[in-house]
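Worksheet for the structure shown next.
The values are calculated or read from the model by the stated rules, or taken from the named source; none is laboratory data. Since this is a predicted model, take the numbers as computed values, not measurements. Here the Cβ is made from the backbone with ideal geometry for all residues, glycine too, and neighbour counts use every protein chain on show. Note: accessible area is taken over every heavy atom of the protein model, side chains too, but ligands, DNA and RNA are not part of it. Shrake-Rupley method; radii C 1.70, N 1.55, O 1.52, S 1.80 Å.
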Amino acid sequence: MAGKSRFTRLDAFTKTVEDARIRTTSGGIVTLTSLLVIFWLVWGEWADYRRVVVRPELVVDKGRGEKMEISMNITFPRVPCQLLTLDVMDVSGEIQMGVVHGVSKVRLSPEAEGSKAIETTALELHKDEAHHLDPDYCGECYGAPPPTGGLKTGCCSTCDEVREAYASISWSFGRGEGVEQCEREHYAEHLDAQRREGCRLEGSISVNKVIGNFHIAPGKSFSNGNLHVHDLENYFKDESHTFTHVINHLRFGPKLSDVVVANMNKNHQVTGPGGWTNHHINPLDGTDQHTDESAYNFMYFVKVVSTAYLPLGWEDVAPRGEQHLGSTIDQSYKGSIETHQYSVTSHRRSLAGGSDEEPGHKERIHARGGIPGVFFSYDISPMKVVNREVRDKSFSGFLVGLCAVIGGTLTVAAAIDRAVYEGVNQVKKMHSN
C-alpha cells in the first residue's frame, strides 16, 4: 500500500466522480466538431508524411573513363543521304569519321513533295558487299593505297572502298568516272537520281565523356595534317543543296520514357516551381534553322551537365550497367537514373564571310572559309547535379505532429466548451434575477 500511495501522490491526471460530471448539449457539439477537426488535421499530417520531395545537390563529378550516349534525329530537307557524312572527334585524340554504327539514314522525298520517308538504311553510303563477284576478284585502287578493313586485303572491291582509299591521301573523288567499281554500282546515276531528295539522320552514337564535337557535313571526310577536310565537289554541283535543318530531338544520355519524366516532373512540382521536363533536359528539341545559301554552316555550343536522379529506395536496386545504344529507361526500373542535361548557344554564318548586317550586327565581321554543315561542339561540366527523392517528414516528426494535433485540438475544444458553459450560466443568472 505504501508503494501505491507513493504513485498516487504523483498522479497528474486527477479524476472526478461520475456524479460530479455535467454533460451539456453544447459540450456534445464541441466534442463532435473537435473530432472532425482532429480527423482532418491527422489526414493532413499523414499526407505530409507520405509526400515525396526532390532535394537538389551540386557535387563534383568524379566519373572517370566513362562513355556518353548521344541520340539524334535531325532532318535535312535539301541534302540527299548520298552526300551526308557524320564525323565525331574529341580532345583525347579519338576520331570517328564516317560513323556507320548505331545511326540510320532515312531518304526523304523532295521538299516540294512534302519530305516523306522513302527508304531507311544504315548510314553507309554505296555499300556493296560484292558477293556476286568472282572470289578471286581484286579491284584496283587507282594509285591510292588499299584501305584497311576492306572486303579483301590489298584490294578495292567496292566504290566506297575506292573513295576511302582516295580520302586516305586527301584526293578528291568526284563522281567516280572511269572507276570500274563505281560504274558497276551506278554511283553517278544514284547521285543524279537522289540530288533533289532530303535526308533524316536518326540513331545513337557512343563517345568518350570528354570535350569533343560531332558534325554533319557533305562529302567523304579525311584528315590532312591537323586539318579535317571534306570532299565538297558533288555538294556544290547543285545550288539547291543547303543545310536547312530541323532538330527533331538531340539527347545526351539514355532515353527516359514519358511516364518516368512525368513522375520526375510531378515530384519537382511538389518541391516548388521549375519542374523537370523534357524541354529542360533537351532544349534543342524542335529547333528549325533555314538558309538559302549552299556555303553556310550552323554551330551549336553545348554545355553538358551530368545529372543523377535518385528515387526512394534506389540503394536496394542494382545499377543498370552497360546498356545497348538507344535503350529506354521505363517505369519498371527503380534504381538511380544517370543522364545529362545541357544548355546551348548557337551561331550561324556564311562561308563567304563579310559583315553581319542582315541580323542587325554591322560591327561584326565573319571570317571567310570553312565547311558547310551542322556542327555540335560539346563541353563537359566538372559539376554534377544530384536530384534525390526524400520524405518531407520523418516518422518521428509525424508522431510529434499527431500528438500536437490531438492535444492541441482537445485543449482548445475544452477551453471553448468551458467558455460556452460559463456564458450560458451567466445568461441564466441574469434572467433569474
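Excluding Leu410 itself, calculate the net charge of residues whose Cβ lies under 14 Å from the Cβ of Leu410, where each Lys or Arg counts +1 and each Asp or Glu counts -1.
Net charge in that neighbourhood comes out at 0.
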Next item on the list: Leaving ligands, DNA and RNA out of it, work out the accessible area of Met264 with a 1.4 Å probe and give it in Å² to the nearest 10.
Entry: 0 Å²
Margin query: Starting from the 7 Å offset along Cα-to-Cβ, what nm value, one decimal, do you get for the label separation of Ser327 and Val60?
Written below: 3.0 nm
Notebook entry, point to check: FRET efficiency for Ser377 and Tyr137, Cβ-Cβ distance as r, R0 = 56 Å, nearest 0.05?
Noted result: 0.80
Notebook entry, point to check: Can you give the FRET efficiency for His431 and Thr33, using 1/(1 + (r/R0)^6), R0 = 22 Å, r = Cβ-Cβ distance, to the nearest 0.05?
Noted result: 0.25
Margin query: Beyond a 19 Å Cα-Cα separation, which of these cross-linked pairs lie in this structure: Lys62/Lys334; Lys62/Lys384; Lys266/Lys384; Lys209/Lys303; Lys209/Lys255?
Written below: Lys62/Lys334; Lys266/Lys384
Notebook entry, point to check: Counting only protein chains, not ligands or nucleic acids, how are Val59, Val179 ordered by accessible area (probe 1.4 Å), most first?
Noted result: Val59, Val179
Item checked: Using θ = phi - 60° and Karplus 6.51 cos²θ - 1.76 cosθ + 1.60, couplings along the stretch 204-213 (whole Hz; Gly, Pro as x) -> 9, 10, 10, 10, 5, 7, 9, 4, x, 7
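With +1 on each Lys and Arg Cβ and -1 on each Asp and Glu Cβ, how big is the dipole of the stretch 149-211 about its Cα centre, in debye rounded to the nearest 20?
Details: 8 positive and 11 negative charges, 65 e Å.
Dipole size: approximately 320 debye.
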Margin query: Using the Karplus curve 6.51 cos²θ - 1.76 cosθ + 1.60 with θ = phi - 60°, what ³J(HN,Hα) values do you get for each residue of the stretch 377-387, in whole Hz, with x for Gly and Pro?
Written below: 9, 10, 10, 9, 6, x, 9, 10, 9, 10, 9
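Where does each of 168-175, 180-187 land if you order them by average Cβ count within 10 Å, highest first? Don't skip to the end; give the middle numbers.
Values: 168-175: 15.4, 180-187: 18.8.
Put in order of decreasing packing, that is 180-187, 168-175.
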Check: Accessible area of His190, 1.4 Å probe, to the nearest 10 Å²?
Finding: 80 Å²
Item checked: Ordering of 289-296, 415-422, 208-215 by packing [mean C-beta count within 10 Å, highest first] -> 208-215, 289-296, 415-422
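Under the classification rounded if a/c is under 1.5, otherwise prolate if a/b is larger than b/c and oblate if not, where does the stretch 181-224 fall, given a ≥ b ≥ c as square roots of the Cα gyration tensor eigenvalues?
prolate
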